[in-house]
Amino acid sequence: MRPLTILATLAAVATLTACGAETTSPPATQPVATTQTPATTGAPPETEPPATTETEEPATTAEEAVEKETPTATIRLENGAPVGGAARIEVTRGDLVTIRIRSDTDEQIHVHGYDLTQSVGPGRPATLTFAAELEGIFDIEAHESGAHVAELVVSP
Amino acid sequence: MTGLVVAHGLSGRADLPIPAWLVGWAATGVLVVSFMALAALWTSPRLGRTPSFRPLPAPLSSALTSRPVETLCGLAGVFLLAVLVWAGLFGVQSTADNAVPTFVYVTFWIGLVPVSVLAGDVFRAFNPWRAIGRAGSWAASRLAGERLGSPLPYPGRLGRWPAVAGLVAFAWLELISPNGTEPRTVAAAALAYTAVTILGMGVYGVEPWLARGEAFSAYFGAFARFAPIERRGRQLGLRPPLAGLPGLEPLPGTVALLAVMIGSVTFDGFQETDPWSSLGPRLSSGFDAVGASPGLADELAAGFGLAAAIAIIAGFFMLGVAGARAVGGDTGTRALGRLFAHSLVPIALVYAGAHYLTFLLFQGQALGRLVSDPAGRGWDLFGTAGWTIDYGLIGATTTWYVQVSLVVAGHLAALVLAHDRALALHDDPRLAARSQRWLLAVMVGFTGLALWLLSQANA
């Protein structure tokens, strides 16, 4: 039954976070692999490379540093509809975002929330460049066809 | 993309899903604090029996409840209703440029909720149908030359069921009907609802119908029980927190009313989740196969979803009540459900609050532009027609903390209310505590569902 599953997941989540509490409390120090090491692959006792599961934090910061440059998305419209369906453009707040659009028909591209509008047409590709300063999920639409072109996801 | 029509055509910014770690902490918090609350801090009933009431200064009370003020508020309500019907029927038929969809679904339906919680039953003062009903009965009494009673007494078994039907119809219009955000449709629905309400008031009397049968009075009236301000006759006064909620009359249909309030928000949230995006189209093609047109099949699928959400909420709550009843006592399960129904009001409040917080904060700003040009005719009545929405008003992180705190606080309030009612019903505090284990499970389940929905939005 549904309520039971919810209760079960809830209990699971609660215990998970209770375990996670230890790792979150010392934030400044190097992530110590105390909780995770016994579980990972088991076999070699004294390997040098740290447990891969624990390196989540440095990994994301490195990725962020790369992404901070300029996340770029390219969208192609045929008959006012995006080829391959509506894309999801995921960026971090503060990123300088570049969206390139090509279209085989005349279109008005509108980014909701940021209220940016740009016209495109055959042989006239458009480039929208802006700093993603608003958090949330924003629709990008083609106003002539009314098609949902993409979704801009700005995380904190 | 194919799929069901998402009727919420008003939003410009959607929320980011709440991250899993925050949900985990909140759930843990609820579990720990609620077990502690049950543990024996609260061993005798404190709410409801003799609610304390501190009167406000008499001149203030009598000014606010005076006849001229009441009449003016009523007239304002009727005027607003008339403007909306006019703008809806004769204004530009655009969801964004006509004031009707934003006013009805954002300002009225969502915006009036925090106002009711803070300031009391404001809707009752401005209720256009109440004003129309009172004016009608005054005129009829003058014509007849005597005070007229209502033709029929309000049937006890009818309870709140007409209000339940009204709220289901409103939820259908808002969440499911493909034309629900069209100004003309909203105006027509308002006219139809006005006719139904006048009929109800005419047959059963103005106050009996408003107290039980009228959907929006039931909706805002339930939330107004949170307000620190209470009205007794022509006297206004202050009451302690939560003290107004045990006064919710346990009429037939009360559990259904709250299940609709919680279930419609649940369904609105569920529509954005992955399970629904695979289930919805499948249901829809099922209805398609038995002969419904594609549009109708989509509506039926969503209608099925809405009905299922309401039924699951009501069923889960009644399951908890049945468990609580197993402890002992001679009250039937249905009657016991009504006695505990008031504990669902905070849950309904935080479901709506967490779900519609940013919708209200962002789309609510559009009202500034729309009041200057309600029918979309290029007017600028108050010089605000150029206002735009500031989407930077509240960031994603703040939104998450507010949503999670609301959900947790609401369920704790629900727990307190249910616990207090159990103490009032059972003389033995230990027996009351034992009966509350079941309702604790229900509350934790509702918390989990609310947090899951918020963590799934657009995931």
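The values are calculated or read from the model by the stated rules, or taken from the named source; none is laboratory data. Just so you know, these numbers come straight off a predicted model, no measurement behind them. Because the Cβ atoms are built from the backbone with ideal geometry, glycine has one as well, and the counts that use them run over all protein chains shown.
Screening region B:124-227 for helices (runs of 4 or more DSSP H) wholly inside it with 1 or more residues that are among the charged types (D, E, K, R) and under 22 Å from the mean Cα position of the chain (by Cα) returns the ranges B:128-144.
Among the residues of region B:324-381, those identified as farther than 26 Å from B:Met443 by Cα and within 14 Å of chain A (Cβ to nearest Cβ) are B:Leu361, B:Phe362, B:Gln363, B:Gln365, B:Ala366, B:Arg369. For beta carbons closer than 6 Å, sequence separation of 6+ or different chains, a first residue in region B:425-454 that is assigned to a helix (DSSP H, G or I) and a second that is at pLDDT 85 or above and surrounded by fewer than 19 Cβ atoms within 10 Å (Cβ to Cβ), the qualifying pairs are B:Trp438/B:Gly323.
Of the listed requirements (1) free of Cβ contacts under 8 Å to residues at least 60 places away in the same chain; (2) buried (at least 16 other Cβ atoms within 10 Å of the Cβ); (3) more than 22 Å from B:Pro17 (Cα to Cα), A:Thr127 misses just one: (2).
The residues of region B:224-259 that are within 17 Å of B:Arg212 (Cα to Cα), among the charged types (D, E, K, R) and surrounded by 15 or more Cβ atoms within 10 Å (Cβ to Cβ) amount to a single one, B:Arg225. Within region A:70-111, the set of residues being under 20 Å from A:Phe130 (Cα atoms), buried (at least 19 other Cβ atoms within 10 Å of the Cβ) and over 22 Å from the mean Cα position of the chain (by Cα) comprises A:Glu107 only. Screening region B:440-452 for residues that are surrounded by fewer than 24 Cβ atoms within 10 Å (Cβ to Cβ) and within 30 Å of B:Ala396 (Cβ to Cβ) and picking the one that is nearest to the other protein chains (Cβ to nearest Cβ) gives B:Gly445. Any residue in region A:115-125 that is at negative phi and within 20 Å of the chain's Cα centre (by Cα)? No, that holds for no residue.
Figure legend. Inter-residue proximity from region B:68-93: first residues more than 19 Å from B:Arg124 (Cβ to Cβ), second residues among the acidic types (Asp, Glu), beta-carbon distance below 7 Å, spacing 6+ or different chains. Indicated pairs: B:Gln93/B:Glu182.
Looking only at residues in region A:122-156 that are within 14 Å of A:Thr105 (Cα to Cα) and part of a loop (DSSP other than H, G, I, E, B), the one that is farthest from the other protein chains (Cβ to nearest Cβ) is A:Gly123. Once region B:265-283 is narrowed to residues that are of a type in the set (Gly, Ala, Ser) and within 15 Å of B:Leu175 (Cβ to Cβ), the residue that is surrounded by the fewest Cβ atoms within 10 Å (Cβ to Cβ) is B:Gly280. Under the condition of being in a loop (DSSP other than H, G, I, E, B) and not hydrophobic (A, V, I, L, M, F, W, C), the residues counted in region B:228-257 number 11. Across region B:360-384, the number of residues qualifying as surrounded by 21 or more Cβ atoms within 10 Å (Cβ to Cβ) and among the aromatic types (Phe, Trp, Tyr) comes to 1.
One residue alone among B:Asn98, B:Asn127 is farther than 27 Å from B:Met201 by Cα, out of contact with any Leu (no Cβ under 6 Å at 6 or more places or on another chain) and buried (at least 22 other Cβ atoms within 10 Å of the Cβ), and that residue is B:Asn98. Applying the criterion of being assigned to a helix (DSSP H, G or I) and out of contact with any helix residue (DSSP H, G or I) (no Cβ under 7 Å at 6 or more places or on another chain) to the residues of region B:81-95, the residue that is nearest to B:Arg232 (Cα to Cα) is B:Ala82. Annotation note: Cβ proximity below 9 Å between a residue of region A:85-100 that is more than 10 Å from every other protein chain (Cβ to nearest Cβ) and free of Cβ contacts under 8 Å to residues at least 12 places away in the same chain and a residue that is surrounded by 15 or more Cβ atoms within 10 Å (Cβ to Cβ) and outside any strand (DSSP E or B) (sequence gap 6+ or interchain) occurs for no pair. Go through region B:20-35 and report how many residues are within 7 Å of another protein chain (Cβ to nearest Cβ) and either in contact with a Ser or Thr (Cβ under 7 Å, 6 or more places away or on another chain) or not in a helix (DSSP H, G or I) (or both). Residues that pass the stated criteria total 6. Out of the residues in region B:382-439 meeting the condition of being within 14 Å of chain A (Cβ to nearest Cβ) and within 16 Å of B:Leu336 (Cβ to Cβ), tell me which one is nearest to the chain's Cα centre (by Cα). Applying the filter and picking the extreme gives B:Leu439.
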